[in-house]
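Scroll down for the structure; my scribbles are underneath it.
The values are calculated or read from the model by the stated rules, or taken from the named source; none is laboratory data. Everything numeric in this text was worked out from a predicted model, so none of it was measured. Counting neighbours? That spans all protein chains shown, and the Cβs are built from the backbone with ideal geometry, glycine included.
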Amino acid sequence: MKIDIHTHIMPDKMPNWTEKFGYGEFIHLEHRNCEACMMKGDKLFRVVEENCYKAEMRLKEMEETEVSIQVLSTIPVLFNYWAKPVDGLETSRFLNDHIAETVAKEPNHFIGLGTVPLQDISLSIKEMERCIKELKMPGLEIGSNINGKNLSDESFFPFYEAAEKLGCALFVHPWEMMGETQMEKYWLPWLVGMPAETSRAICSMIFSSVFEKFPKLRVAFAHGGGSFPLTVGRIEHGFKVRPDLVAIDNPINPRDYIGKFWIDSLVHDKKAFSYLMDVMGEDTICLGSDYPFPLGEHIPGRLIEKMDLGKKSTRKLFYKNALDWLGLSEKNLPDFG
């Protein structure tokens, strides 16, 4: 069995929220001349393939690549954190309902994660409760920062507290990468900014004592933890030599938090994955492909298979660690043989 924790989906029909709300550049999908165009306001943002919005295409490709279950989450550009809170709630509810409907049609192959308007914590908690209690989702996807605020900001602590109480898993995905406007050329926001954004999120949560204050919170980070695993030595060294700057909210060595959060496996390189296993351990790495986008692993789990880790370790990476993060039991899953 393979559970892919990092896959994105969007509805094939979406309201034109820019027209409805009268401001902003909300994304909607337009089908033009056999192409599906993601429109940002009235401008073309990206052309997407059918597998981005058609469940039947996903199922076909899942069968071809031997993926048993996809964990579905929205595309980060649809977070809409910049919008007015009530409008962000409306878009979140629409996207969450779509994912829940997709899961309901194929419950043996899809698990859904919700999205919430984190520009307003009370509305976010309310929608999180709906996602967990009504839509039966095990968790949410959130951004690596919220309108420039790091995940260490104390305004998010009530959200973490509610997530912990509800048993809501969190999947942190990079977006609005730092320095994005200074490196637009060469696709550098995606190649350089995303790994840095993920490390920013991890360090922010560590240094602000989020994992101390909310020890039962289950958090996974995209893209192999970004640059954090490779730079954890530098991060630890900075913690030791300048505690006056680094350890101001948490006196615990950042390296001690390895094993207390999850990451996905998306690093694209055999040597990098070997290092990832050495640093992060085999118990908190989950298969994640970033399907269906070009930067993803096109055959999910192929890199893990190449590592020849043995059945026990491979099972952990393919699905057992994902179940631990999501708080789900293997007994409740279908038998994929």
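Just a few scattered comments:
- Some residue of the stretch 30-42 being among the polar types (S, T, N, Q), modelled with pLDDT under 95 and either in contact with a helix residue (DSSP H, G or I) (Cβ under 6 Å, 6 or more places away or on another chain) or farther than 21 Å from residue 174 by Cα (or both): yes
- Condition met for residue 321 (among the polar types (S, T, N, Q), in contact (Cβ under 8 Å) with a residue 24 or more places away in the chain and part of a loop (DSSP other than H, G, I, E, B)): no
- Scanning the stretch 310-335 for residues that are modelled with pLDDT under 95 and surrounded by 13 or more Cβ atoms within 10 Å (Cβ to Cβ) yields one hit, 333.
- Those helices (runs of 4 or more DSSP H) of the stretch 140-220 in which at least 2 residues are touching an Asp or Glu at 6+ places or on another chain (Cβ under 8 Å) and over 24 Å from residue 247 (Cβ atoms), considering only elements entirely within it, cover 157-166.
- Residues within the stretch 181-203 that are free of Cβ contacts under 8 Å to residues at least 24 places away in the same chain and touching a helix residue (DSSP H, G or I) at 6+ places or on another chain (Cβ under 8 Å), tallied: 3
- Top-ranked residue of the stretch 234-267 - restricted to ones that are under 24 Å from residue 171 (Cα atoms) and small (Gly, Ala, Ser), ranked as farthest from the chain's Cα centre (by Cα): 259
- Criterion: within 20 Å of residue 141 (Cβ to Cβ), modelled with pLDDT of 95 or more and assigned to a strand (DSSP E or B) - qualifying residue of 89, 123, 95, 72: 72
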